[in-house]
Amino acid sequence: QVQLVESGGGLVQAGGSLRLSCAASGRTFRDYVMGWFRQAPGKEREIVAAIRWSGGSTGYADSVKGRFTISRDNGRNTVYLQLDSLSPEDTTVYYCAASRSNGATPMEYAYWGQGTQVTVSS
């Protein structure tokens, strides 16, 4: 049974940092792309960052480039999202997901975590 379990969300002041973790289990993810998404109320789910597990190539949404960093730890089967220079506009639920294809859109992701709330106060 595949499980993606996010953690690390919380309340932080504007300009602060958080590190989100996504612990993956239940299968080998070597051939997968792992993505972090966020979805604000009333808005579509948007991809924030993605990383190819094999090779480690990464991609970011324009809105987070230079502020967020995605990485993975093969030994721990965990993907991280470092959030720096946070602003209130970053407040929402963040989800981890796994895709066996290119991982460019939410529809390509077969497995999802339950989400972790990030709240940035002004």
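Heavy-atom accessible surface of Tyr111, to the nearest 10 Å², is about 70 Å², with a 1.4 Å probe and all protein chains retained.
Structural descriptor for the chain: relative contact order 35 percent, calculated from alpha carbon pairs under 8 angstrom and at least 6 residues apart. Among the GluC sites (Glu not before Pro) in segment 1-91, those located in a DSSP loop and surrounded by at most 15 other Cβ atoms within 10 Å of their own Cβ are Glu44.
A cut-off of 5 Å between modelled amide H atoms, ignoring neighbours fewer than 5 places along the same chain, links Gly16 with Leu86.
What the Kirkwood sum gives for the chain is a hydrodynamic radius of 14.2 Å, with every pair of different alpha carbons counted. Accessible area per residue for the chain, computed on protein heavy atoms with a 1.4 Å probe, is 52 Å². Heavy-atom surface analysis with a 1.4 Å probe gives the chain a carbon and sulfur content of 45 percent of its accessible area. Which whole-angstrom value gives the distance between the alpha carbon centres of segment 29-63 and segment 67-82? Between the Cα centres of segment 29-63 and segment 67-82 lies a distance of 11 Å.
The values are calculated or read from the model by the stated rules, or taken from the named source; none is laboratory data. Note that the structure is a prediction, hence the values are computed from the model and not measured. Virtual Cβ from ideal backbone geometry, glycine too; neighbours counted across all protein chains shown. Ligands, DNA and RNA are stripped out before the accessible areas are found, and what is left, the full protein with its side chains, is counted by its heavy atoms. Shrake-Rupley method; radii C 1.70, N 1.55, O 1.52, S 1.80 Å.
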